[in-house]
């Protein structure tokens with residue numbers, strides 16, 4: 001009965017394997033100073049980037065370096081693969097979805113050739129950001145080494 005008044009959390013899972021780090025450690029002020037929103041970042045060890053929650057693909061950049069999804073609750077997540085990777089003009093990226101597609105957490109969205117991206121001189125750290133944080137009561141973050149589909153954040 002008392003559970004009726006508890007606010008529900010939206011669970012965000014890791015879009016890839018790797019080391020999860022604090023967003024403040026990202027070497028880009030737009031992310032580290034939370035100008036886009038709050039979240040975490042991952043140093044990927046896999047080329048596969050998956051949906052971090054169930055929802056709609058609201059944005060898939062033409063260069064395929066970033067995508068965003070919106071959960072039915074309204075929570076929106078941006079995954080930005082690497083830093084300054086927009087300048088690669090899509091080189092090293094392959095998409096498996098389009099804007100407007102409905103996806104489930106764990107669905108393959110993008111393949112990014114991480115070794116090629118590094119060889120082209122780009123930082124592969126990948127921010128995972130919740131936008132419009134002022135709408136939410138809290139965000140719980142989990143840091144450390146993990147596999148795709150493990151919980152990385154809970155938004156209330």
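Every number here is computed from the coordinates shown, using simple stated rules; none is lab data. What you see is a predicted model, and the numbers here were worked out from it, not measured in a lab. Every residue, glycine among them, receives a Cβ derived from its backbone with ideal geometry; neighbour counts consider all protein chains shown.
Fewest first, what order do 35, 153, 133 take by the number of other Cβ atoms within 10 Å? Write out the running numbers ahead of the final one.
On the way: 35 10, 153 25, 133 16.
Ranked by crowding around the Cβ, least crowded first: 35, 133, 153.
Extension gain, residue 154 to residue 30: 0.36 nm times the residue separation minus the Cα-Cα distance gives 42.4 nm. Modelled label positions at residue 59 and residue 98, each set 7 Å beyond Cα in the direction of Cβ, lie 2.0 nm from each other.
From the alpha carbon centroid of segment 10-84 to that of segment 116-150 is 5 Å. Rg over Rh for the chain works out to 0.96, both radii taken from alpha-carbon positions and Rh defined as the Kirkwood radius.
For segment 106-156, the calculated P(r) over all alpha carbon pairs, in 5 Å bins from 0 to the bin holding the longest distance, is 4, 13, 18, 20, 20, 14, 7, 3, 0 percent.
Across segment 30-49, the residues whose backbone nitrogen lies under 17 Å from the label position 7 Å along the beta-carbon direction of residue 143 are 31-34, 38-44.
Starting at 0 and stepping by 5 Å, how many percent of the alpha carbon pairs of segment 2-68 end up in each bin? Pair shares across the bins are 3, 13, 17, 24, 23, 9, 5, 4, 2, 0.
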